[in-house]
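Chemist: Input: one structure, supplied below.
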Amino acid sequence: MQTASLLPVWLVLATLGLTFLVDLSGRPRTALRVAALGGLVALLSLIWTPDGAFLGLSVDAYVRFAQAVLLGAAVLALLASPPYMRHFRMERLAGDYALLLLFTLLGGMLLMSVRDWLALFVAFELLSIPLYAAAALNKRSPEGAEGALKFFLFGSVSSAFLLLGVGMMTLVSGSTAFSSVVVREAFLPAGLALLLVGFGFKVAMFPFYFWAPDVYESAPTPLVAFLSVAPKAAGILILFRILQEVVLPAGLSSALAWVAFASALTMVVGNLLALPQTHLKRLLAYSGVAHIGYVLAALAAGTAEGAGMSLFYFTVYLFSNMGAFLGVAAVEMMGLSPTLEGVAGLYRRSPALAMSFLAFLLSLGGIPFVLGFWSKLFVFFAAAQAGLWVLVFLGALLAVVALFYYLNVARWMLIVEEMQEEPAGPPPAAVVALVVMAAFVVVVGGLVPQVLVQPALLAAGG
Amino acid sequence: MNPVFTLLVVLVMAASLGVVLSRSVFRAAYFLAFALVGTGFLYLGMSPIFSAVQILLYTGGVLTLVIFAVMLSGKPELSTVFHRPAQGLIAALLVFFALLSLTARLPEPPEPRTIPVDVFAAYFFREGALAFEILSLLLLAALFGALAVARKQGGEG
Amino acid sequence: MSFRALLFLSAWMFATGIFGVLSRRHVVALLLSIELLFNGVNLALLTFAWAYGALSAASLAFLGIAVTVAEVAVGLAIFLLVVRLTGKAAADELKQLAG
């Protein structure tokens, strides 16, 4: 039963078809719910999915773990979307939105399990292209359309680089399979550099991060929540695979030094640019850049432990970052602006939301003993094992800097008096429920991190 | 070197410049058509099937779309063409010389041969079957995406 | 037909595309420049395939053409939406794109 290893992929495909039919019958919001339910079923099916290879797609524990992160992000985003779309009167497009999100999800899941360069390129495009369209779906917002255009332009340029890079990698190997690589002069470093540019855009790595804040600010927030986790996780985790199976066996160990360099710059720039932000979505965008810098430190270690730690990192990031973005969505639905002034006195209006937000901010900031503390600790542990002490030191220093802007948000929410006089509406119950659930995971997970760390390490074979 | 080949290369180079330098986007689109068709002719000696794909599908498809878009938007040109051209020029030169230095290091190929269609097809549908399947999903997704973006939303202002 | 001349042309197209992407103001001109980028890459891939007999590169060029068309379709739809909502076609006049 080799096909069984692709069970989640089949389920997402089936959900796609079903969502399309429901949407066609004129019930876009039901389509959104069908999509969320299908994603949930696919997520559960991972428990019974065996290892195996089929149609050139191979699935092992690492792939399943990564797919779980992607599915989790998609399900959270889809669950939070119906109230958001009702509030911003985008309901007629809810079906299209669900379909585009599912296509992207499928692209990410396939990207995790491909073993050849041709499929890697196409799967990466399947991950990217539907997102450009989805970012443009709020058609009452000129800013949304402009942000989508920017997203599209930068994404397309990066695809051209990726195409060239993948082309060079196929030549290096002389065939399309990952494993048959023989170094051939200039193409391996050049191809890898181009791949880093291509993926660098998608994961918002320095110096290709500048599209992120604008796109995040203007796109529908539940989509941004997905966007800030899934494509980044997919990009970094596939880079890990390429590094471990192609680049390092081919003897290009200087690649790790490049990644370490990119990691340091990404950390520094992300954190420093996040400091002066007052718009929450922009702040989270830059903080997302900084977090990519931290994960790149594990990537630079180039070890199985590093891979396991980054799987764990993205699981934690899934809850804390998506939770924060969904919290922003709830704030927007209360009629408040998602800025520091807008959320002033949020505790008075909705204690549950404000306290959950505090948990996410503490987790993103890496305060002991929330979940984010462990993920940051283990990532730097992996880097330290590989002797990257400079990165560890820099990361620790910047984590302190990061506390300033994370705690500043918390200060505005909890301590500063409210400024907006007009009465805000109540936060939408469904979204608050999701946010509180995510906060629960972040806090309780922080007490028993080994529940997540052990499977992540096992999955990476460390 | 074959003079027809040299002429074709020079013409395509000029057409590429025309794409980025001409004021009207209509004219830029025609230059692009010229560059794409010229590349298509160059493909004739390498792989005739690619030549056909390039000229019939790619050039035709892409340019019809572009010209439609320009006509629908009703804005073929702007008062100023460039935005910070000096930076663009520096970046372009850097990329150009990086690519040239890379090609300079390549070994001389054994003996270039036209790629036979049947060999390519056999290879593509064996090694590229999965990519082809994913491509079909991608095209479907792009169709959905373009339609969803183009569709009018209820009560749009 | 010369291997080096074809790669020179490919690098030229790619570089002009880069110039266009960074410097043109009209959004459609940006799209055309992106096409130029992709065409340069495809030419390089096919030249490699022809010169070294690497069918993988030719397959990738084939896929690249299809992917580009998909990208252009979505991009133009977004462009038309932007024009409909803002009435602007210049990349640097759009508030979001200025930075």
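The values are calculated or read from the model by the stated rules, or taken from the named source; none is laboratory data. Here the structure is a predicted model, which is why all the values come from computation and not from measurement. Here the Cβ is made from the backbone with ideal geometry for all residues, glycine too, and neighbour counts use every protein chain on show.
Chemist: Which members of region A:213-232 meet the condition of being touching a Ser or Thr at 6+ places or on another chain (Cβ under 8 Å) and either modelled with pLDDT under 90 or of a type in the set (Gly, Ala, Ser) (or both)?
Modeler: Of everything in region A:213-232, those that are touching a Ser or Thr at 6+ places or on another chain (Cβ under 8 Å) and either modelled with pLDDT under 90 or of a type in the set (Gly, Ala, Ser) (or both) turn out to be A:Ser218, A:Ala230.
Results for (1) without any contact (Cβ under 8 Å) to a residue 12 or more places away in the chain; (2) surrounded by 23 or more Cβ atoms within 10 Å (Cβ to Cβ); (3) over 19 Å from B:Ser79 (Cα atoms), shown as yes or no for each residue.
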| residue | (1), (2), (3) |
| --- | --- |
| C:Arg4 | yes, no, yes |
| C:Ser10 | no, yes, yes |
| C:Met13 | no, yes, yes |
| C:His26 | no, yes, no |
| C:Leu45 | no, yes, yes |
| C:Phe62 | yes, yes, yes |
| C:Val69 | yes, no, yes |
| C:Ile78 | yes, yes, yes |
| C:Ala89 | no, yes, no |
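Chemist: In addition: Hey, can you tell me all the residues within region A:23-45 that are in a helix (DSSP H, G or I) and among the hydroxyl-bearing types (Ser, Thr, Tyr)?
Modeler: Matches in region A:23-45: A:Thr30, A:Ser45.
Chemist: Is it true that A:Ala383 is under 17 Å from A:Gly425 (Cβ atoms), buried (at least 21 other Cβ atoms within 10 Å of the Cβ), small (Gly, Ala, Ser) and touching a residue at least 40 places away in the same chain (Cβ under 8 Å)?
Modeler: no
Chemist: Check B:Leu99, B:Leu130, B:Leu93, B:Leu56 and return the single one that is over 30 Å from A:Val9 (Cα atoms) and crowded, with 16+ Cβ neighbours inside 10 Å.
Modeler: It is B:Leu99.
Chemist: Here is a list: A:Ser350, A:Ser375, A:Ser337, A:Ser356. Which entry is modelled with pLDDT under 90, buried (at least 21 other Cβ atoms within 10 Å of the Cβ) and of a type in the set (S, T, N, Q)?
Modeler: A:Ser350
Chemist: Please give the number of the condition C:Met13 fails out of (1) modelled with pLDDT of 90 or more; (2) more than 21 Å from B:Val81 (Cβ to Cβ).
Modeler: Here C:Met13 clears every test but (2).
Chemist: Can you find even one residue in region C:32-51 that is facing chain B (nearest Cβ under 7 Å), over 26 Å from B:Gly128 (Cα atoms) and of a type in the set (S, T, N, Q)?
Modeler: Yes, there is a match, as at least one residue in region C:32-51 is facing chain B (nearest Cβ under 7 Å), over 26 Å from B:Gly128 (Cα atoms) and of a type in the set (S, T, N, Q).
Chemist: Right, something else. Out of C:Leu85, C:Leu31, C:Leu76, C:Leu43, report the one residue that is out of contact with any strand residue (DSSP E or B) (no Cβ under 6 Å at 6 or more places or on another chain) and either small (Gly, Ala, Ser) or modelled with pLDDT under 90 (or both).
Modeler: Selected residue: C:Leu85, the only one of C:Leu85, C:Leu31, C:Leu76, C:Leu43 that is out of contact with any strand residue (DSSP E or B) (no Cβ under 6 Å at 6 or more places or on another chain) and either small (Gly, Ala, Ser) or modelled with pLDDT under 90 (or both).
Chemist: Return yes or no: is A:Leu256 crowded, with 17+ Cβ neighbours inside 10 Å, under 16 Å from A:Gly191 (Cα atoms) and not aromatic (Phe, Trp, Tyr)?
Modeler: yes
Chemist: Let me ask another. Only one residue in B:Leu102, B:Leu94, B:Leu147 is modelled with pLDDT of 90 or more, of a type outside the set (Asp, Glu) and farther than 24 Å from C:Ala89 by Cβ, so which one is that?
Modeler: That would be B:Leu94, the only listed residue that is modelled with pLDDT of 90 or more, of a type outside the set (Asp, Glu) and farther than 24 Å from C:Ala89 by Cβ.
Chemist: Just to be sure I understand, how many residues within region B:11-22 are surrounded by fewer than 22 Cβ atoms within 10 Å (Cβ to Cβ) and more than 9 Å from every other protein chain (Cβ to nearest Cβ)?
Modeler: Of the residues in region B:11-22, 3 are surrounded by fewer than 22 Cβ atoms within 10 Å (Cβ to Cβ) and more than 9 Å from every other protein chain (Cβ to nearest Cβ).
Chemist: Tell me yes or no: at least one residue of region A:105-113 is touching a strand residue (DSSP E or B) at 6+ places or on another chain (Cβ under 7 Å), modelled with pLDDT of 90 or more, of a type in the set (Ser, Thr, Tyr) and in a helix (DSSP H, G or I).
Modeler: Within region A:105-113 (the criterion being touching a strand residue (DSSP E or B) at 6+ places or on another chain (Cβ under 7 Å), modelled with pLDDT of 90 or more, of a type in the set (Ser, Thr, Tyr) and in a helix (DSSP H, G or I)), the answer is yes, since at least one residue qualifies.
Chemist: Which residue, of B:Arg105, B:Arg151, B:Arg84, is more than 7 Å from every other protein chain (Cβ to nearest Cβ) and more than 21 Å from the chain's Cα centre (by Cα)?
Modeler: Within the list B:Arg105, B:Arg151, B:Arg84, the selection yields B:Arg151.
Chemist: Further question: Going by what's in this entry, would A:Phe261 be described as over 16 Å from A:Ser228 (Cα atoms) and surrounded by 23 or more Cβ atoms within 10 Å (Cβ to Cβ)?
Modeler: No; evaluated as a whole, the condition is false for this residue.
Chemist: Would it be correct to say that B:Ile115 is among the β-branched types (Val, Ile, Thr) and within 20 Å of C:Phe79 (Cα to Cα)?
Modeler: Here the answer is no, as B:Ile115 does not meet what is asked.
Chemist: Going through region B:39-53 one residue at a time, which ones are in a helix (DSSP H, G or I), surrounded by 22 or more Cβ atoms within 10 Å (Cβ to Cβ) and not β-branched (Val, Ile, Thr)?
Modeler: Hits for region B:39-53 are B:Leu42, B:Tyr43, B:Phe50.
Chemist: Going by the conditions given, is A:Ala94 facing another protein chain (nearest Cβ under 7 Å) and either closer than 17 Å to A:Pro220 by Cβ or over 16 Å from the mean Cα position of the chain (by Cα) (or both)?
Modeler: No, not satisfied.
Chemist: Taking the options A:Val114, A:Val122, A:Val75, name whichever one is in contact with a helix residue (DSSP H, G or I) (Cβ under 8 Å, 6 or more places away or on another chain) and free of Cβ contacts under 8 Å to residues at least 12 places away in the same chain.
Modeler: A:Val122
Chemist: Does A:Val409 satisfy being modelled with pLDDT of 90 or more and closer than 22 Å to A:Met322 by Cβ?
Modeler: Yes.
Chemist: For region B:59-79, give me each residue that is more than 7 Å from chain C (Cβ to nearest Cβ), surrounded by fewer than 19 Cβ atoms within 10 Å (Cβ to Cβ) and assigned to a helix (DSSP H, G or I).
Modeler: Scanning region B:59-79 gives B:Gly60, B:Thr64, B:Ile67, B:Phe68, B:Met71.
Chemist: Which count do you get for residues in region A:386-420 that are buried (at least 19 other Cβ atoms within 10 Å of the Cβ) and free of Cβ contacts under 8 Å to residues at least 40 places away in the same chain?
Modeler: Of the residues in that region, 1 qualify.
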